[in-house]
Structures are given as structure tokens and as C-alpha cells.
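Remarks on the structure that follows.
None of the figures in this text is laboratory data; all of them are computed from the coordinates on show. Note that the structure is predicted; figures quoted are calculated from it, not measured. Don't worry about glycine lacking a Cβ; one is built from the backbone with ideal geometry, like all the others, and counts go over all protein chains shown.
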Amino acid sequence: MSPKPQVQDEYLNDVRTKKRPVEIVLLGGRTLRGNVVAFDTFTIKLRCKRDEILVFKSAIAVIGPVRKAPRS
């Protein structure tokens, strides 16, 4: 019997396959926005504009959908 997929795997796979942009807030406070290209147990590969960034999951405080800027 194979183990049940983790919640984070389900979420990351959903945003990856549907190409939904995400916002990642790192423990240091920096925010990254982009699309999840790939992920494994310890890392997430994020495409930000034209660059690809490898983010360690241990450095992430929050990950979620990109929030739209509030209207003035």
C-alpha cells in the first residue's frame, strides 16, 4: 500500500498543472511571486518573470495564490 500524498504535494501539483501564480513569503519577510515549475521533498522551483529560482521549503513561511493589489 502506497502512502497517501501530503497536502502540500496536492496543493503544489494543483497550482503547477493549472499554471496558477503563487506568492511565497519567506521566513525573512521577502516575497516571491511566480509559477511553480517543479517541486520535490525539500525544494520548489519557481519561475519568476524569465528566471527560475530554487526555493528551499524550510525557508518558506507562507505560500498561497497571488493577491491582487488593493484599489485606492
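So the values come out like this:
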{"read-out": "Cα-centre dipole for the chain with unit charges at Cβ (Lys and Arg positive, Asp and Glu negative), debye to 20", "value": "440 debye"}
{"read-out": "Segments 8-16, 46-54 sorted - mean Cβ within 10 Å per residue, highest first", "value": "8-16, 46-54"}
{"read-out": "Segment Thr41-Leu27, extension gain: residue separation times 0.36 nm, minus the distance between their alpha carbons", "value": "3.2 nm"}
{"read-out": "Rh by Kirkwood over Cα pairs, then Stokes-Einstein D for the range 7-65 at 0.890 mPa s and 25 °C, µm²/s", "value": "219 µm²/s"}
{"read-out": "Footprinting exposure proxy for Thr31, Thr41 (fewest neighbouring C-beta atoms within 10 Å first)", "value": "Thr41, Thr31"}
